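Right, one structure below, let's go through it.
Every read-out reported here was derived from the displayed coordinates using simple, explicitly stated rules and does not represent laboratory data. Since this is a predicted model, take the numbers as computed values, not measurements. Ideal geometry is used to build each Cβ from the backbone, glycine not excepted, and the neighbour counts take in all protein chains shown.
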Amino acid sequence: MAMNRNTWFAIVATIAVVAVVILGFRVLGGPGTQRMIQSDLRTVRTLAELAQQINQKWVFSGRVLPANLEEFPDSVKQDPVTHNSFVYRPKSNSEYELCATFATYSRDLQAQNINDPWAHSKGDHCFQFDASQQVQPVPYYY
């Protein structure tokens, strides 16, 4: 029994669609991976906002870094996903670091931009800041 052209086309089209879907999951990850990426993005955005507030505090308090994060609102000093407090360490007159825990390794997502200041490893990661310099914006592509 011979198959007609339409049947062959339907089979080939179905195989192509299945292959594209499988490839998409391999490249982008499944829904769980995408949720973790979005959680990490929220964490990075909150860290950026906290760093901006620390920098403003430094400018308006005679160029002195705050000793801790007590005077900052919970909305910026806590990870929006885990609600754990970010780790803040003043290092010098204007330099400090902020640390958080991440679910994904961002370098996998942004291999095209090696110099991204918001690139982070999976797990605990610290970002270095200088209150005398502007906080880099979080890239839209993350």
Label-to-label distance, nm, for residues given as THR14 and GLN56 (7 Å Cα→Cβ offset): 5.9 nm
Relative contact order (%) - the chain, alpha-carbon pairs under 8 angstrom, separation at least six: 23 percent
As a test of the formula, what do you get for the chain when each DSSP H run with n ≥ 4 contributes -39,500 (n - 2.57) and the sum is divided by the residue count, at 222 nm and rounded to the nearest 500 deg cm²/dmol? -14000 deg cm²/dmol
Per DSSP loop assignment and a cutoff of at most 13 other beta carbons within 10 Å, the chain keeps its longest run without exposed trypsin sites (Lys or Arg not before Pro) at 1-62
Treating only the Cβ atoms of Lys and Arg (+1) and Asp and Glu (-1) as charged, compute the dipole magnitude of the chain about its Cα centre; round to the nearest 20 debye. 480 debye
Per Stokes-Einstein, at 37 °C and 0.692 mPa s, what whole-number D in µm² s⁻¹ belongs to the chain, with the Kirkwood radius over Cα pairs as the hydrodynamic radius? 185 µm²/s
Exposed-loop-free span, longest in the chain, where GluC sites (Glu not before Pro) count as exposed if DSSP calls them loop and at most 16 other C-beta atoms lie within 10 Å: 72-142
